[in-house]
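First comes the structure, then the notes that go with it.
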Amino acid sequence: MNIYGADVLPSRPIMEVQSERITHKLWLGTLPSDDPVNTWGGPGSGEQCDGCDLVISSEEYEHELHMRNGRVMRLHVACSNLWQILKEALPDRKHTPPPSSSL
């Protein structure tokens with residue numbers, strides 16, 4: 001199953017679903033809001049995307065992000081781009097309650 005496959009067609013556009021999931025993870029702190037130390041790109045590793053939770057197949061491209069704390073995140077390229085935008089756009093979590101989520 002991949003983010004572009006026919007078996008993953010939700011009633012809402014996939015980018016909207018990914019955006020909500022990544023926003024929610026940023027609010028919960030399960031996705032970091034700091035910048036990576038290194039970023040690599042290449043064919044999908046078959047691992048689960050840290051953004052949308054779907055597997056990144058070998059037919060897709062992924063970004064591998066190495067964080068300061070040693071964590072390595074793997075994201076679809078689209079999820080990586082969303083994460084980069086959303087982590088900068090969201091207000092400080094310490095002072096604002098998390099949004100309600102339909103997830």
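Computed from the coordinates by the stated procedures, all read-outs in this text should not be read as laboratory data. Note that the structure is a prediction, hence the values are computed from the model and not measured. So basically every Cβ, Gly included, is an ideal-geometry build from the backbone, and we count neighbours across all protein chains shown.
Taking the fewest neighbouring Cβ atoms within 10 Å as the starting point, the ordered list for S45, S57 is S45, S57. Counting every pair of alpha carbons in region 33-92, the share spaced more than 19 Å apart comes to 25 percent.
Scoring 15-22, 32-39 by mean Cβ neighbours within 10 Å over their residues and listing the highest first yields 15-22, 32-39.
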